[in-house]
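Encoded as structure tokens, the structure appears first; notes follow it.
The values are calculated or read from the model by the stated rules, or taken from the named source; none is laboratory data. Please read all numbers here as calculations on a predicted model, not as lab measurements. Cβ atoms come from the backbone with ideal geometry, glycine included; neighbour counts cover every protein chain shown.
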Amino acid sequence: MGQTLRSVQRTEEETVQICVFRIGRHTCGLPLDDVLEVALGLDIRAIPLAPDKVAGISFLRGTIIQVINGKFCMELHDYALNGNEAYIVLKSQEELFAIAVDKIDDILQIPKRNFARPPSTLPPSQHELVEGAYLYEQSLIVLLSPTSLCKIPKTTLSYTPPPGRLD
């Protein structure tokens, strides 16, 4: 009586862990591997002449970190911070920075097969910022690029002396 045993192979689905948060009406995410921590109530100090993308600097356990305005990055019309933000602390190359977001939602483990590249209809200004999106339980989570978030556009500051003054 020969009995054949079938080996049942369970295939583990590849997943990715995403830190999910809200910026305005957008549900966004960052790869959890890039997130160092979430901070609340940071004291943000404005930097004179900084681009609008930069909310300011803050001190986190004795380290100065640059704070990026997530609302400005997502091109929201009302991008002023209201003081109730949460801050996602990330490391880019050797520098710490934080992105100001409206609300932290959750840490989710999402199947990699749910990933989609950004649509061609995405505004050109967002191509570098948005890596793609994940569909999760009827929600679309926009995956942002940590590298793009910390890039600050180079600005040229020029000084013109007032009339009658030679500098």
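Cβ separations smaller than 8 Å between residues 6+ apart or across chains give the following pairs from region 35-59 residues that are more than 21 Å from Cys19 (Cα to Cα) and aromatic (Phe, Trp, Tyr) to residues that are crowded, with 17+ Cβ neighbours inside 10 Å and at pLDDT 90 or above: Phe59/Ile65.
Consider Leu42 carefully, then state whether it is part of a loop (DSSP other than H, G, I, E, B), of a type outside the set (S, T, N, Q) and surrounded by 10 or more Cβ atoms within 10 Å (Cβ to Cβ). Considered against the rule, which asks whether it is part of a loop (DSSP other than H, G, I, E, B), of a type outside the set (S, T, N, Q) and surrounded by 10 or more Cβ atoms within 10 Å (Cβ to Cβ), Leu42 comes out as yes. Going through (1) modelled with pLDDT under 90; (2) within 16 Å of Leu144 (Cβ to Cβ) one by one, Met1 falls short only on (2). Counting only residues that are loosely packed, with under 15 Cβ neighbours inside 10 Å, give me the strands (runs of 3 or more DSSP E) lying completely in region 53-122 with at least 2 of them. By residue number, 63-69, 103-111.
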